[in-house]
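Below is one structure, written out as structure tokens, with a few remarks after it.
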Amino acid sequence: MNKLHIVKAGMMVSVQDPGRRGMLHSGISASGPMDPAAFAFAQALVGNAPALAALEFAHLGGSYRVDAPTRIAVTGGQVDIRIDSRQVAAWESHWLQPGETLAVGAMVGAVWGYIAFSGGIDVPPLLGSRSTHLRSRIGGLDGRTLQAGDALSLGSSTDAPCLRLALPIHRGRGPIRVVPGPQDDYFDGATWDMFLRSDFRVSSKRDRMATMLDGPVIRAFRGHDIVSDGTPLGSIQVPGSGQPIVLTAERQTTGGYPKIATIASVDLPRLAQTPSGASIRFARISQAAAEDLLVAERLRLKASLENLQPVDTVTP
């Protein structure tokens, strides 16, 4: 059986698949990749089905070995990747042979990276998913981040050519788009104006559960305590400190702070990939507009995934 050996663990390296759905009623959020599109590209580039598991890391990737010839791909942003002394490109797949070491360096201009291995990471599913939920300590390998000396089984894969992108990656630009609510009526017009006209800085206080934002204090004129309700993915809760907190993949499933808005699903990966210290602004859109944007983005992703090409047949 082919094994993946962790020679040197990167930061927050964990096993992730598309996520654990249908468990919110039990207090377990979906987990899964912080940047689903980058995860999907990594899997497709090595010929894996979308539901298989890969590695996610934050900032620094780490180094790895395998027992049998394996195709690998690294996505999420630009990063230095070497197989032994040979530098290889991100966003395309490469062969990693037994005895060689894959070393993945630091991300440039992004936060979350993905390393896919052909055959996928074969840890036992838990509650329908292989995703690690670090807060709940379930899934992946013992519910934790990986460390040097760990070894994970890889699934079987068929021989196939290495692949690269044929269409450019679409990354949105401009303000992060938000849909008001669920408790937008807790904030008056002046506060909304400030929320939409101010720069917020992405704080270093962030993980897979949430991202804090530094900036002007946001006050809820109806108070900062509500009867606890559900917390949608991407919702922006405002506690008594007035500093907004964006809830992400491993968020708590209920909360008692008002949520001024929810980040449009199409823009949530862009926020997740925004480096700490960078400034962002918000723009308000309707729910219908957010849904249209997401549908268009998914069609673009589908077209890109269906148009991967063997490395040696792409026109320079």
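The values are calculated or read from the model by the stated rules, or taken from the named source; none is laboratory data. All values derive from a computational prediction rather than experimental measurement. Positions of Cβ are generated from backbone atoms using ideal geometry, with glycine treated the same way; all protein chains shown enter the neighbour counts. Surface accessibility is based on the protein's heavy atoms, side chains included, excluding ligands, DNA and RNA. Shrake-Rupley method; radii C 1.70, N 1.55, O 1.52, S 1.80 Å.
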ask   = Counting only residues that are closer than 17 Å to R171 by Cβ and either in a strand (DSSP E or B) or modelled with pLDDT under 95 (or both), which one in segment 280-296 is nearest to the chain's Cα centre (by Cα)?
value = I280
Residue count, segment 290-305 (criterion: closer than 19 Å to P232 by Cα and without any contact (Cβ under 8 Å) to a residue 12 or more places away in the chain) = 3
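Is it the case that segment 168-178 has a residue that's within 24 Å of A51 (Cβ to Cβ), exposed (fewer than 14 other Cβ atoms within 10 Å of the Cβ) and at pLDDT below 95?
So in segment 168-178, the residues within 24 Å of A51 (Cβ to Cβ) come out as 169-170.
Okay, now just the ones that are also exposed (fewer than 14 other Cβ atoms within 10 Å of the Cβ), so 169-170.
Next, only the ones that are at pLDDT below 95 stay: 169-170.
Yes, segment 168-178 contains a residue that is within 24 Å of A51 (Cβ to Cβ), exposed (fewer than 14 other Cβ atoms within 10 Å of the Cβ) and at pLDDT below 95.
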inquiry  = Of all residues being over 18 Å from the mean Cα position of the chain (by Cα) and under 24 Å from V7 (Cβ atoms) in segment 125-146, which is surrounded by the fewest Cβ atoms within 10 Å (Cβ to Cβ)? Just the residue, please.
reply    = D142
message = Just the residues that are more than 22 Å from P232 (Cβ to Cβ) and either of a type in the set (S, T, N, Q) or surrounded by 18 or more Cβ atoms within 10 Å (Cβ to Cβ) (or both), please, taken from segment 204-221.
response = S204
task = Can you tell me which residue among R130, R144, R135 is in contact with an Asp or Glu (Cβ under 6 Å, 6 or more places away or on another chain), modelled with pLDDT of 95 or more and under 20 Å from S31 (Cα atoms)?
result = R130
inquiry  = For the list (1) touching a strand residue (DSSP E or B) at 6+ places or on another chain (Cβ under 9 Å); (2) surrounded by 14 or more Cβ atoms within 10 Å (Cβ to Cβ); (3) of a type in the set (A, V, I, L, M, F, W, C), I need the number of the one condition that M194 fails.
reply    = (1)
request  = Would you point out the residue of segment 238-268, among those that are closer than 14 Å to P180 by Cβ and out of contact with any His (no Cβ under 9 Å at 6 or more places or on another chain), that is most open to solvent (accessible area, probe 1.4 Å)?
outcome  = T262
